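Engineer: The structure under discussion is supplied below as structure tokens; questions concerning it will follow.
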Amino acid sequence: MREVTLLLEPLPNALSDVITTVDAAAGLIQRVNQPALGLALSTRQLATEPKPYAAAIKQHAALIRHVHLR
């Protein structure tokens, strides 16, 4: 059996109206509470975060599994 990890990536407001911040994505991941669910971040989205991106990364570092550099 293969282990699969599913990543949730918040999208900028211009691209989505559902999960648009790191806090929102992290909150959903924490509510689901499954080790196979993690956080993917994109520098494009981080530029639109309402709080400093470094703070968002530091606060949710344990959930981050992938980062897109654009």
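Engineer: What is the chain's relative contact order, in percent, from Cα pairs under 8 angstrom and six or more apart in sequence?
Structural biologist: 35 percent.
Engineer: Now, a different point. Take Leu7 and Tyr53, extend 7 Å from each Cα along the Cα→Cβ direction, and tell me the distance between the two endpoints in nm.
Structural biologist: Simple spin-label model gives 1.5 nm for this pair.
Engineer: Divide by every residue of the chain the summed helix terms, -39500 (n - 2.57) for each DSSP H run of at least 4, and state the resulting mean residue ellipticity at 222 nm, rounded to the nearest 500 deg cm²/dmol.
Structural biologist: Rounded to the nearest 500, the figure is -8000 deg cm²/dmol.
Engineer: A further question on this structure: How large a share of the accessible area of the chain, in percent, is made up of carbon and sulfur atoms when the probe is 1.4 Å and the other protein chains stay in place?
Structural biologist: C and S atoms contribute 57 percent here.
The values are calculated or read from the model by the stated rules, or taken from the named source; none is laboratory data. Remember, it's a predicted structure, so these values are computed and weren't measured experimentally. Cβ atoms come from the backbone with ideal geometry, glycine included; neighbour counts cover every protein chain shown. For the accessible areas, the whole protein counts, side chains as well, though only heavy atoms, and no ligand, DNA or RNA atoms are used. Shrake-Rupley method; radii C 1.70, N 1.55, O 1.52, S 1.80 Å.
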